[in-house]
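Visitor: My questions will all concern the structure given below.
The values are calculated or read from the model by the stated rules, or taken from the named source; none is laboratory data. Keep in mind it's a predicted model, so treat the numbers as computed, not measured. Cβ atoms come from the backbone with ideal geometry, glycine included; neighbour counts cover every protein chain shown.
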Amino acid sequence: MAGHGGPVRAIAVSVDGKTVLSGGFDTAAIRWSLASEAAEQVLRFHSDAVNAVAFVGAARMATAGADGRIAVWTVGRAQPDSVLEGHAGPIVALAISPDASQLASASWDRTVRLWSPADGQSRVLEGHSQNVNGVAFTPDGKSLVSVGYDLAVRIWRVADGTSDVVTLPAPLNAVAIAPDGEIVTGAADGKLRMLAPDGKQAGEVAVGPTPIVSLALTADGALIAAAGIGGTVAIVDRKSRSLLRTLVGPGLPVWSVAFLPDRETLVTGGADGKIRRWNARNGDPLGSNLLGTPSDPLAAYAGDHGADVFRACVACHTLSDKETQRAGPTLAGLFGRRIASLPDYRFSDALKTMDIVWTPETVARLFEVGPNAYTPGTKMPEQRIGSAEDRRALTDFLARATTR
């Protein structure tokens with residue numbers, strides 16, 4: 001299903017499995033019919049990327065964006081019923097409680113908020129020291145789990161807002177909770193880590209070399225889908241902690257995943273703006289819109305190690321200002337340019353005050369310590385390049401490929 005003008009950042013599936021809600025970097029949300037593979041409604045409200053979406057009961061939906069706002073919609077209506085405001089940074093994840101009475105949001109303002117969709121009342125849960133990237137309710141609705149760049153898993157008691165904290169070895173991008181209460185986290189080091197409901201570590205599975213950015217569980221909790229910026233989706237058997245198969249699409253990052261209620265159909269949202277369906281048990285693509293591999297923007301650099309390192313960046317950045325702009329600014333003429341100075345691109349306010357000029361040294365430092373530490377307030381997803389050799393290959397490649 002194709003309709004977004006940029007990467008599909010978020011996906012949710014209705015309880016009956018007939019409808020998909022997607023959010024895009026193009027600031028739009030789209031409600032799709034799976035039967036017709038067609039858009040039934042385009043929701044336009046947000047002024048920045050729609051990073052999170054959720055169904056709120058049978059006839060309502062929520063969308064949240066990098067503009068820090070949550071819009072609550074009734075199916076079929078052109079405008080939101082209400083707008084929930086309070087976050088001071090991008091919202092990147094939403095979760096709905098089992099009884100649909102509470103909505104939780106995770107934000108890069110380092111907080112989690114609990115909202116009542118009925119009247120807009122909210123509570124702030126504070127404790128994370130860096131961006132909060134994921135949030136999920138436990139099956140009984142009494143607890144809420146959040147994860148962030150600070151390596152922390154926080155298990156909040158909804159009744160009083162207190163929390164227990166578990167620290168893991170890598171920045172955390174996503175969280176999901178199984179019907180038996182087991183917590184599954186996805187990290188920047190490409191590993192899934194499982195925790196018991198009380199936070200005790202219960203296992204881990206390495207699914208790839210690149211950051212995991214989205215997680216989904218089947219309704220019975222048997223299968224985990226872990227999507228990453230490397231362009232693949234790992235299907236993991238949760239009980240045996242084993243990697244069953246890897247779904248390979250066009251090679252661009254997969255930003256969002258969700259299972260249908262049938263416990264085997266997976267829906268993915270890609271950096272190419274397309275939504276695809278898969279049979280997660282055998283790895284086959286489903287529906288009329290099969291892989292449709294686009295031309296590889298790095299085909300001309302085959303065999304170039306720096307280009308291979310850059311492949312994780314190609315979803316958001318072009319090398320030439322002649323190409324259609326993606327979610328991030330073009331890198332054409334990068335070296336020698338002051339941060340946040342490119343015309344006609346909407347940069348985070350925090351970046352506009354920084355005194356950084358892009359050089360091979362500053363770009364290398366960006367990926368050595370990570371965007372969140374080097375450029376606080378950025379909208380850029382967290383990723384690091386641990387190898388000095390890889391960082392040097394990347395900057396050498398950029399010097400060649402971005403010269404006007």
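Visitor: Under 9 Å by Cβ, and 6 or more places apart or on different chains, what pairs join a residue from the range 50-66 that is within 14 Å of L84 (Cβ to Cβ) and without any contact (Cβ under 8 Å) to a residue 40 or more places away in the chain with one that is surrounded by fewer than 24 Cβ atoms within 10 Å (Cβ to Cβ) and aliphatic (A, V, I, L, M)?
Guide: Short answer, once both residue conditions are applied: none.
Visitor: May I ask you to list pairs of residues, at least six apart or on different chains, whose Cβ atoms are under 6 Å apart, with the first in the range 164-176 being in the same structural domain as G221 (by TED's automatic domain parsing) and of a type in the set (S, T, Y) and the second being surrounded by fewer than 24 Cβ atoms within 10 Å (Cβ to Cβ) and not in a strand (DSSP E or B)?
Guide: Pairs that qualify, where the first residue is in the same structural domain as G221 (by TED's automatic domain parsing) and of a type in the set (S, T, Y) and the partner is surrounded by fewer than 24 Cβ atoms within 10 Å (Cβ to Cβ) and not in a strand (DSSP E or B), are T167/L151.
Visitor: Does the range 253-271 include one or more residues that are assigned to a loop (DSSP other than H, G, I, E, B) and acidic (D, E)? Please lay out each step first, then the result.
Guide: Kept after step one, since they are assigned to a loop (DSSP other than H, G, I, E, B), are these residues of the range 253-271: 253, 260-264, 271.
Narrowing further to those that are acidic (D, E): 262, 264.
There is at least one residue in the range 253-271 that is assigned to a loop (DSSP other than H, G, I, E, B) and acidic (D, E).
Visitor: Quick one: which residue in S47, S14, S36 is outside the structural domain of Y345 (by TED's automatic domain parsing) and without any contact (Cβ under 8 Å) to a residue 12 or more places away in the chain?
Guide: It is S36.
Visitor: Can you say whether S129 is farther than 24 Å from S14 by Cα, in the same structural domain as P179 (by TED's automatic domain parsing) and among the polar types (S, T, N, Q), as far as the supplied structure shows?
Guide: On the way: farther than 24 Å from S14 by Cα: yes; in the same structural domain as P179 (by TED's automatic domain parsing): yes; among the polar types (S, T, N, Q): yes.
So S129 passes the test.
Visitor: Look through the range 1-18, keep the residues that are in contact with a strand residue (DSSP E or B) (Cβ under 6 Å, 6 or more places away or on another chain) and within 17 Å of G57 (Cα to Cα), and return whichever of them is surrounded by the fewest Cβ atoms within 10 Å (Cβ to Cβ). Give the derivation first.
Guide: Narrowing the range 1-18 to residues in contact with a strand residue (DSSP E or B) (Cβ under 6 Å, 6 or more places away or on another chain): 1-4, 6-14.
Then keep just the ones that are within 17 Å of G57 (Cα to Cα); that gives 11-14.
Details: I11: 24, A12: 24, V13: 21, S14: 19.
Here the residue is S14.
Visitor: Can I ask one more? In this structure, does T268 turn out to be buried (at least 24 other Cβ atoms within 10 Å of the Cβ), hydroxyl-bearing (S, T, Y) and not assigned by TED's automatic domain parsing to the domain that holds H317? Quick ask: steps written out before the conclusion?
Guide: On the way: buried (at least 24 other Cβ atoms within 10 Å of the Cβ): yes; hydroxyl-bearing (S, T, Y): yes; not assigned by TED's automatic domain parsing to the domain that holds H317: yes.
Criteria met by T268.
Visitor: Please specify each residue of the range 339-394 satisfying the condition of being among the hydroxyl-bearing types (S, T, Y) and either surrounded by fewer than 19 Cβ atoms within 10 Å (Cβ to Cβ) or in contact (Cβ under 8 Å) with a residue 60 or more places away in the chain (or both).
Guide: Those that are among the hydroxyl-bearing types (S, T, Y) and either surrounded by fewer than 19 Cβ atoms within 10 Å (Cβ to Cβ) or in contact (Cβ under 8 Å) with a residue 60 or more places away in the chain (or both): S341, Y345, T353, T359, T362, Y374, S387.
Visitor: Let me ask something else. State yes or no: is A234 in contact (Cβ under 8 Å) with a residue 12 or more places away in the chain, in a strand (DSSP E or B) and under 22 Å from N279 (Cα atoms)?
Guide: Working: in contact (Cβ under 8 Å) with a residue 12 or more places away in the chain: yes; in a strand (DSSP E or B): yes; under 22 Å from N279 (Cα atoms): yes.
So A234 passes the test.
Visitor: Something else: In the range 231-286, what count of residues is obtained for those that are on the phi > 0 side of the Ramachandran plot and modelled with pLDDT under 90?
Guide: The number of residues fulfilling the criteria is 4.
Visitor: Looking only at the range 25-44, count how many residues are of a type in the set (S, T, Y) and within 19 Å of A62 (Cβ to Cβ). Break it down stepwise before answering.
Guide: First, pick out the residues of the range 25-44 that are of a type in the set (S, T, Y): 27, 33, 36.
Narrowing further to those that are within 19 Å of A62 (Cβ to Cβ): 27.
Residues that pass the stated criteria total 1.
Visitor: Identify the single condition in (1) of a type in the set (D, E, K, R); (2) under 21 Å from the mean Cα position of the chain (by Cα); (3) closer than 22 Å to T19 by Cβ that R69 does not satisfy, given that it satisfies every other one.
Guide: (3)
Visitor: Which residue is surrounded by the fewest Cβ atoms within 10 Å (Cβ to Cβ), if the candidates are limited to the range 237-249 and must be part of a loop (DSSP other than H, G, I, E, B) and in contact with a Gly (Cβ under 7 Å, 6 or more places away or on another chain)?
Guide: Only one residue tops the list, namely R241.
Visitor: Looking only at residues that are surrounded by fewer than 24 Cβ atoms within 10 Å (Cβ to Cβ) and polar (S, T, N, Q) in the range 193-231, which one is nearest to the chain's Cα centre (by Cα)?
Guide: Here the answer is T210.
Visitor: Here is a further query. Between a first residue in the range 206-226 that is closer than 26 Å to D390 by Cβ and in contact (Cβ under 8 Å) with a residue 24 or more places away in the chain and a second residue that is surrounded by fewer than 18 Cβ atoms within 10 Å (Cβ to Cβ) and of a type outside the set (A, V, I, L, M, F, W, C), which pairs have beta carbons less than 9 Å apart while being 6 or more apart in sequence or on different chains?
Guide: From the range 206-226, the pairs are V207/T246; G208/T246.
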